[in-house]
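K.L.:
Can you keep this structure in mind? I'll have questions shortly.
The values are calculated or read from the model by the stated rules, or taken from the named source; none is laboratory data. These numbers were taken from a predicted model, which means no experiment stands behind them. Note that each Cβ is placed from the backbone with ideal geometry, even for glycine, and that neighbours are counted across all protein chains shown. Just the protein is used for accessible areas: all its heavy atoms, side chains included, with ligands, DNA and RNA removed. Shrake-Rupley method; radii C 1.70, N 1.55, O 1.52, S 1.80 Å.
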Amino acid sequence: GPNPRAIADDIWAKLVWAGLNMTADDLPRRGPAHLGFTRPHAYPIELCRAIALVWLFAGLRKNEILRLRLGCIRWQKHEVTVPETGETIPASAVCLLEVPVNKTSTSFTKPVDPIVGEAIAVWEKVRPQGVKLPDEKTGEQVDFLFLIRLTPVGPYYLNDTLIPALCKKAGVPTTDVRGNITSHRDRSTIASQLYNAREPMTLFELQQWLGHSSPHSTQHYAKIAPVKIAKSYADAGY
């Protein structure tokens with residue numbers, strides 16, 4: 001079966017820091033450096049930062065990231081009740097991301113960190129007017145979020161350019177003991193952290209968040225961390 005390769009927590013934390021602090025200077029320049037070429041990077045920094053933060057926080061497949069649609073973020077306001085007084089007060093709005101049709105499920109909505117919604121909103125403000133293009137999965141004409149010069153971001157951009165740039169800024173190698181750091185490894189990394197958190201998500205909650213059609217697929221991603229096993233063993237008092 002699948003063997004997801006989660007990235008070590010310390011390396012992942014550095015990549016998250018790099019994504020949150022990315023600037024235009026972190027992006028590679030085009031043209032041979034030894035000839036003095038200093039042409040800007042192919043894509044605007046707002047677009048690159050939005051893609052990076054979606055990859056680091058949303059747990060999407062590469063195909064899902066590149067096929068996100070304009071207006072895929074919506075905010076849901078809610079209220080909480082103070083137990084001591086019974087008073088209802090407004091709480092922080094929940095950021096919801098519309099995920100397009102994928103290989104295991106129809107389109108669905110998932111909660112993501114507000115940082116993702118804020119980065120996408122910044123990109124949408126400066127995004128040039130685009131055109132509707134056919135979605136390779138559904139065939140319908142859609143407004144792709146990550147569109148520049150009337151062309152969607154290329155399928156190799158995330159793995160070949162953006163992730164290496166994040167690794168360079170974070171000061172980590174592009175490979176680890178489990179292989180290359182690729183776009184798909186975010187899913188197993190985030191899933192493992194959510195499953196091993198202090199207030200963990202259940203297997204079925206994680207299944208819906210990842211967009212799996214069966215919990216059997218999610219089980220491969222929801223690996224219990226050794227530290228959590230050690231704590232459970234100690235608590236068992238054997």
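K.L.:
Would you list K110, K103, K77 from the most to the least accessible area, probe 1.4 Å?
P.N.:
Putting K110, K103, K77 in descending order of accessible area: K77, K103, K110.
K.L.:
Under the classification rounded if a/c is under 1.5, otherwise prolate if a/b is larger than b/c and oblate if not, where does the range 97-141 fall, given a ≥ b ≥ c as square roots of the Cα gyration tensor eigenvalues?
P.N.:
Here the range 97-141 falls in the oblate category.
K.L.:
Separate question: Amide H to amide H under 5 Å from R69: which residues, 5+ apart in sequence or cross-chain, H placed 1.01 Å off N in plane?
P.N.:
L145
K.L.:
Using the charge dipole of the chain (Lys, Arg: +1 at Cβ; Asp, Glu: -1 at Cβ; taken about the Cα centre), state which of V122, N159, H184 has its Cα farthest towards the positive end.
P.N.:
N159
K.L.:
When the Karplus curve 6.51 cos²θ - 1.76 cosθ + 1.60 is applied with θ = phi - 60°, which whole-Hz ³J(HN,Hα) does each residue of the range 161-169 get, with x for Gly and Pro?
P.N.:
10, 6, 5, x, 5, 5, 4, 5, 5
K.L.:
Between F108 and residues 5 or more places away or on another chain, which pairs have amide H atoms under 5 Å apart, with H built 1.01 Å from N, and which residues are they?
P.N.:
Correct list: V99.
K.L.:
Quickly estimate the mean residue ellipticity at 222 nm for the chain, helices only: each DSSP H run with n ≥ 4 gives -39500 (n - 2.57), and the total goes over all residues, rounded to 500.
P.N.:
It lands at -11000 deg cm²/dmol.
K.L.:
Using a basic spin-label model with each label point 7 Å from the Cα along Cα→Cβ, how many nm lie between A13 and Q129?
P.N.:
The two pseudo-label positions are separated by 4.8 nm.
K.L.:
HN-Hα J couplings of the range 122-131 from phi, Karplus 6.51/-1.76/1.60, θ = phi - 60°, integer Hz, Gly and Pro as x?
P.N.:
Result, ordered by residue: 5, 5, 4, 5, 9, 5, x, 4, x, 10 Hz.
K.L.:
Apply the Karplus parameterisation 6.51 cos²θ - 1.76 cosθ + 1.60, with θ equal to phi minus 60°, to every residue of the range 60-70 and state each ³J(HN,Hα) to the nearest whole Hz, in sequence, with x for glycine and proline.
P.N.:
9, 6, 4, 4, 5, 4, 6, 9, 4, 10, 4
K.L.:
Taking springs between alpha-carbon atoms closer than 10 angstrom, which of V126, V116, V172 fluctuates most in the Gaussian network model of the chain?
P.N.:
Highest fluctuation among the options: V126.
K.L.:
Carbon and sulfur: what percent of the range 150-238's accessible surface (1.4 Å probe)?
P.N.:
Within the range 150-238, the accessible surface is 59 percent carbon and sulfur.
K.L.:
Oh, and also: Taking R0 as 25 Å, what FRET efficiency do you get between Q141 and K110 from their Cβ-Cβ distance, rounded to the nearest 0.05?
P.N.:
0.55
K.L.:
Quick one: if you stick a label point 7 Å off each Cα along the C-beta vector at V122 and V94, how many nm between them?
P.N.:
Each label point lies 7 Å from its Cα, and together they span 2.6 nm.
K.L.:
Along the Cα→Cβ direction, 7 angstrom out, place labels at H78 and S232. What is the inter-label distance in nm?
P.N.:
Spacing of the two 7 Å Cα→Cβ label points: 2.7 nm.
K.L.:
Which value, in Å² rounded to 10, gives the accessible area of T85 with a 1.4 Å probe and all protein chains present?
P.N.:
100
K.L.:
Per residue, how large is the accessible surface of the chain? Use a 1.4 angstrom probe and give square angstrom.
P.N.:
56
K.L.:
Where in the range 91-176 are there chymotrypsin sites (Phe, Trp or Tyr not before Pro) that are in a DSSP coil and have at most 11 other Cβ atoms within 10 angstrom of their Cβ?
P.N.:
Y156
K.L.:
Report, in debye and to the nearest 20, how large the dipole of the chain comes out about its Cα centre when Lys and Arg carry +1 and Asp and Glu carry -1 on their Cβ.
P.N.:
860
K.L.:
Ranked from the most accessible area to the least, with a 1.4 Å probe and all protein chains present, what is the order of D25, D143, D135, D160?
P.N.:
Correct descending sequence by accessible area is D25, D160, D143, D135.
K.L.:
If you don't mind, another one. Go through H212, H78 and list them by solvent-accessible area, largest first, probe radius 1.4 Å.
P.N.:
H78, H212
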